[in-house]
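Okay, structure first, notes after.
The values are calculated or read from the model by the stated rules, or taken from the named source; none is laboratory data. Remember, it's a predicted structure, so these values are computed and weren't measured experimentally. Using ideal geometry, Cβ is built from the backbone for each residue, glycine included, and neighbour counts are taken over all protein chains shown. Side chains included, ligands, DNA and RNA excluded: accessible areas come from the protein's heavy atoms. Shrake-Rupley method; radii C 1.70, N 1.55, O 1.52, S 1.80 Å.
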Amino acid sequence: MKNNRSSYLSTRRDSWVEVNIANVEHNIAEIKKFIPQDKKILAVIKADAYGHGALMLAPTFIASGISMLGVASLDEARQLREGGFDLPILVLGAAPVWAFDWVSENNITISVFSNQHIEAAKQAYEKTGIKVPAHVKIDTSMNRIGIAPEKALEYIKKVQSCGYIDLKGVFTHFACAENKNLTLKQIETFKNIVTKIENKNNLIIHCANTATTIAYQKEIDFTNMVREGIGLYGLMPDLPNDTAKKPNLKQVIGLKARIVNIHTAQKNSGVSYSYSYRAPKEIKIATIPIGYADGVSRSLSNKLKAKLHNQQITQIGNITMDQMMFDITGINANEGDIITLLDENLSINTWAQELNTINYELTCRLKVRLPRVYVR
């Protein structure tokens, strides 16, 4: 299915993700306080902008002075191009070599780090007559993708001289930004390579994610671009314990649903599958149409907190594929009233702590089938 911006605004469900654009603008302004004015900013909008909606947020990033967009795959880049965005796009992951001709024809910048990439770029150039735009990825100990440090200078020189790759930048990625010793070693490894590159005046040099931008400003002063991801969406990455100054971020994502049923359950009545909850007394139950197929983990059953008419309520019984129930005893409510599961005061970090995971994973989960509503 081909997506366009209007598809993100169409909703025929009584549950939805609410995305606060004003909070995105606020977060960009906060993060900019940590970035020199002459340094470029790449906004990472992979995984549909971490579940927030890449096509809808791209205009906000562009209007806020972002220089480049970062994605994980060619499909994500294609979606942006088909959405009408002509800003430079960097594919941070490995692009398939059989698609290099499409890359050059659509002016998509890819990550290169192997001789196979050089050969594929040659074949694409012979077919299209257009050089493949690229950044060389150096693996400074992430052990994921990238050219090894000891081979990096030779590889960069080979890319620069091959005649069919338009080398635009060099970068690396940090494995443990919260660990100062490990990160400083990676920075030093990367810096030693960068300082020895010949003809690097026009190259974009970057290594900093949100955490590094906040905690390692002086150490990355040799770079000219930063890559901002989770911070744009108002969520704090793990930082070194001694980080003195932090941005005042506001969570962008919200999650809401309308009550579709209210009824009374008698004392000792079981609720939902397997009766993981039994009513301790007569209670009033509200059901909303959202479940684990929408990205709300079943492991949050009987633990999830929400709000109804500014009063805290607790989810009861096992969360099912499409529905969940709340105890709303003592609250005057009607079918159609809104229950809020996430907002600025109901943090997705709470879910992450309960599930022993990271906030990144949970925002991405919420993109499965929930419509987005964009607000200010």
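Please give the length that would be gained between residue 269 and residue 281 if that part of the chain were fully extended, namely 0.36 nm times their separation in residues minus their C-alpha to C-alpha distance (nm, one decimal).
So the chain would gain 3.5 nm between residue 269 and residue 281.
First compute the accessible area of segment 66-214 with a 1.4 Å probe, then give the percent of it belonging to carbon and sulfur atoms.
Within segment 66-214, the accessible surface is 45 percent carbon and sulfur.
In segment 244-338, carbon and sulfur make up what percent of the accessible area (probe 1.4 Å)?
With neighbouring chains kept in place, the figure for segment 244-338 is 42 percent.
From the backbone phi of segment 198-212, what are the Karplus-calculated ³J(HN,Hα) couplings (6.51 cos²θ - 1.76 cosθ + 1.60, θ = phi - 60°) in whole Hz, Gly and Pro given as x?
For segment 198-212, the Karplus curve yields 7, 6, 9, 4, 9, 7, 8, 10, 8, 8, 8, 8, 4, 4, 5 Hz.
Report the residues of segment 13-36 in range of a label on residue 335: point 7 Å along Cα→C-beta, backbone N strictly under 17 Å from it.
13-15
Could you tell me which of the pairs 185/245; 39/131; 39/200 are separated by over 18 angstrom between their Cα atoms in the structure shown?
Among 185/245; 39/131; 39/200, the Cα-Cα distance tops 18 Å for 185/245; 39/131.
Using amide H atoms built 1.01 Å from N in the peptide plane, name the residues 5+ places from residue 147, or on other chains, whose amide H lies under 5 Å from its own.
137, 138, 139
Name the residues of segment 112-127 whose amide N is less than 18 Å from a point 7 angstrom out from the Cα of residue 150 along the C-beta direction?
Residues passing the 18 Å test: 114-115.
Quote the charge dipole size of the chain about the Cα centre in Debye, to the nearest 20; the model charges only the Cβ of Lys and Arg (+1) and of Asp and Glu (-1).
Charge dipole, the chain, about its Cα centre: 220 debye, nearest 20.
Determine the per residue accessible area of segment 266-376 with all protein chains present and a 1.4 angstrom probe, expressed in square angstrom.
50
Work through the residues other than residue 133 whose Cβ is under 9 Å from its Cβ and net out their charges, Lys, Arg +1 and Asp, Glu -1.
+1
What ranking, highest mean first, results for peptides 352-360, 250-258 when packing means the other Cβ atoms within 10 Å averaged over each residue?
250-258, 352-360
Which of (i) 22.0, 74; (ii) 23.7, 78; (iii) 25.6, 82 is the computed Rg and Dmax of the Cα atoms in Å for the structure on display?
Comparing each candidate, only (ii) matches the computed number.
Starting at the first residue of segment 125-139, write each ³J(HN,Hα) from the Karplus equation 6.51 cos²θ - 1.76 cosθ + 1.60 with θ = phi - 60°, in whole Hz, x for Gly and Pro.
Those phi angles translate into 5, 5, 7, 10, x, 10, 5, 7, x, 7, 10, 7, 9, 10, 8 Hz.
Please give the net charge around residue 209, taking every other residue with its beta carbon less than 9 angstrom from that of residue 209, where Lys and Arg add +1 and Asp and Glu add -1.
Once positives and negatives cancel, what remains is 0.
Loop-only check: which trypsin sites (Lys or Arg not before Pro) in segment 134-212 are DSSP coil with at most 12 other Cβ within 10 angstrom?
144, 196
For segment 324-359 and segment 80-103, what is the separation of their C-alpha centers, rounded to whole Å?
That distance is 38 Å.
Cβ under 14 Å from residue 247's Cβ, residue 247 left aside: what net charge do those residues give with Lys, Arg +1 and Asp, Glu -1?
Spelling it out: positives minus negatives among the neighbours equals +2.
Can you list residues from other chains, or at least 5 along the same chain, whose modelled amide H is less than 5 Å from the amide H of residue 374?
19
Give me the accessible area per residue for segment 53-212, probe 1.4 Å, as a whole number in Å².
44
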